[in-house]
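Below is one structure; the comments refer to it alone.
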Amino acid sequence: MDCLKIKELIYECDDDSMPLLNQIQVWWHTLTCSNCAQHSKLFEVTKKIMSEDFFPASPDFEDSIMAKIVAEIEEEELENAHAIPGGISTKRWVVTGIIIMISLVTAFFSLDYQNLASEWGMSFLLPMGITIGIILTIYGAVFIGSHLKELSERFGL
C-alpha cells in the first residue's frame with residue numbers, strides 16, 4: 001500500500017474499529033516507512049490530548065455568555081409582547097408607502113389622466129391634489145400611530 005492510503009486508514013479508523021487485516025497493513029507499513037510512522041505517532045498523541053480535557057472550562061466566560069443570551073431572549077420576548085399579532089413590520093410599511101407614492105405620482109402620466117385633464121381643464125387638478133393629500137395623510141397618520149413607541153425611542157421623544 002502507498003503512504004496516502006495508510007494515512008487515510010490511520011485517520012479514518014480507531015484502533016478498536018479497524019479490521020485486523022488493515023491493522024496489520026498499517027503496522028507493517030509504519031515499520032518500513034519512517035514518515036508514516038511519525039504521522040501515526042503524532043496522530044495518536046493529538047488524539048490522546050484532544051480526548052482529555054485539553055481546553056479547561058472557564059466558568060467566568062461561561063457565565064458572561066449565558067447572561068448575554070438570557071438578556072437577548074428577554075429582549076426578544078419584550079418586543080414580541082408589545083407587537084400586535086399579525087402586525088406589519090416597519091420595513092413593509094415603508095415599502096408599501098413607497099409603492100403608494102410611486103402609483104400616485106405615475107397616475108399623472110396615464111392616458112386616462114390626460115383625457116380627463118383636457119376635458120375638465122385646470123379645475124381637475126384641485127380634486128386630484130386633495131385626494132392625493134388625503135391618502136398620504138391617512139397613510140402617514142396610521143403609520144405613526146401604530147409605531148409611536150418605536151419612533152419615540154428612535155428619536156428620543
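Any idea which of 105, 94 is at pLDDT 75 or above, β-branched (Val, Ile, Thr), surrounded by 10 or more Cβ atoms within 10 Å (Cβ to Cβ) and more than 22 Å from the chain's Cα centre (by Cα)?
Result: 105 is the single residue among 105, 94 that is at pLDDT 75 or above, β-branched (Val, Ile, Thr), surrounded by 10 or more Cβ atoms within 10 Å (Cβ to Cβ) and more than 22 Å from the chain's Cα centre (by Cα).
Can you go through 34, 64, 58 and tell me which one is at pLDDT 80 or above and surrounded by 10 or more Cβ atoms within 10 Å (Cβ to Cβ)?
64
The values are calculated or read from the model by the stated rules, or taken from the named source; none is laboratory data. These figures come from a predicted structure and were not determined experimentally. Heads up, the Cβs are rebuilt from the backbone with ideal geometry, glycines too, and the neighbour counts pull from every protein chain shown.
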